[in-house]
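All remarks here apply to the structure that follows.
The values are calculated or read from the model by the stated rules, or taken from the named source; none is laboratory data. Nothing here was measured: the structure is a model prediction, and the numbers come from that model. Quick reminder, even Gly has a Cβ in these numbers, built from the backbone with ideal geometry, and neighbours come from all protein chains shown. Side chains included, ligands, DNA and RNA excluded: accessible areas come from the protein's heavy atoms. Shrake-Rupley method; radii C 1.70, N 1.55, O 1.52, S 1.80 Å.
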Amino acid sequence: MSDDFIIIESLQSPVYVNVEPANNSETVIVIESITPQVGVSLSNDQGPQGGQGVTGPTGLTGNTGSTGATGLTGLTGNTGATGATGMTGAGNTGATGSTGLTGATGSTGLTGLTGNTGATGMTGATGSTGATGMTGAGNTGATGSTGATGATGVTGPTGAGNTGATGNTGLTGATGSIGLTGATGSTGLTGATGSTGLTGLTGNTGMTGATGATGMTGAVGAIGNTGATGATGNTGIQGATGNTGATGATGNTGATGATGATGANGANGATGATGATGATGQGVPVGGTANQVLAKINSTDYNTQWVNQSGGGSPADDDQNILANQIFG
């Protein structure tokens, strides 16, 4: 017995396969791929092709697979290098804005401490002061343009004559008009800032010398001839800074001020709301006859009875103590 295999790889249109079975043989037809609605007809002793069968029901949806484990977090990448700083802009400075209005004058600061009195110099002859002219009240004229500066003349020799008496001060001349302000030039590029040098150590403060006594004012001598101007001497070395003096002792606490007058009484507060009416009291129990009084039977509240008054007796008696017209709680 032998087996015959017929393999059809793709089936998209009707295909007719003739099978000639031999004696003692078996034929197997394998269809690897078939398009829906395409039938296969087998000839040679085969019955007619049956119609398309009813599509079978859709199978149940399979269960959702479990979620896979989360993968490990990747290593953090290295931080990139910082980019180079951009060049500083070099645009021209804008034109200067107009000057704002002058602010109000601030309050005068506290007067500083009076410095030590210096040595009294020789008193010179005082020249007579000229009369001060009246201040003009006209509006300030437009500022005139500034004239060119003239060349400096040669300095003449210093005279050796006696100094004349100081003349009277002349009247103040009128103020000339101020020239127009020239346009502001464009600001040049800012140069690179040099490195700051190290700050030197501060020297100790020197001790302040004692103030000498003020000498008597001498008589005014005759004015001598003006001598030739001497050459300017070199600036002396600055003395070391003296140590800071100790802090002064704290002053005594001032006396306590007198107690102020007692303030006036405040206005009376508003009348509070009327409280709720209380429960009705026990009152005098009903009953009783003329000349009877209430007496306590025992220590229970309101447990009383009407009894006849009895005269005499002593506190030692076993009789009840009776108080007329009284209510015992």
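Of note:
- Using the 1.4 Å probe convention, the accessible area of the range 241-293 works out to 92 Å² per residue with neighbouring protein chains retained.
- From phi via Karplus (6.51, -1.76, 1.60), per-residue ³J(HN,Hα) for the range 229-238 in Hz, x at Gly/Pro: 6, x, 5, 5, x, 5, 5, x, 5, 5
- Computed label-point distance, nm, for sites T169 and T108 using a 7 Å Cα→Cβ extension: 2.1
- Sequence ranges 175-185, 189-199, ranked by mean other-Cβ count within 10 angstrom, highest first: 175-185, 189-199
- Extension gain from T205 to V220, taking 0.36 nm per residue of separation minus the Cα-Cα distance: 1.5 nm
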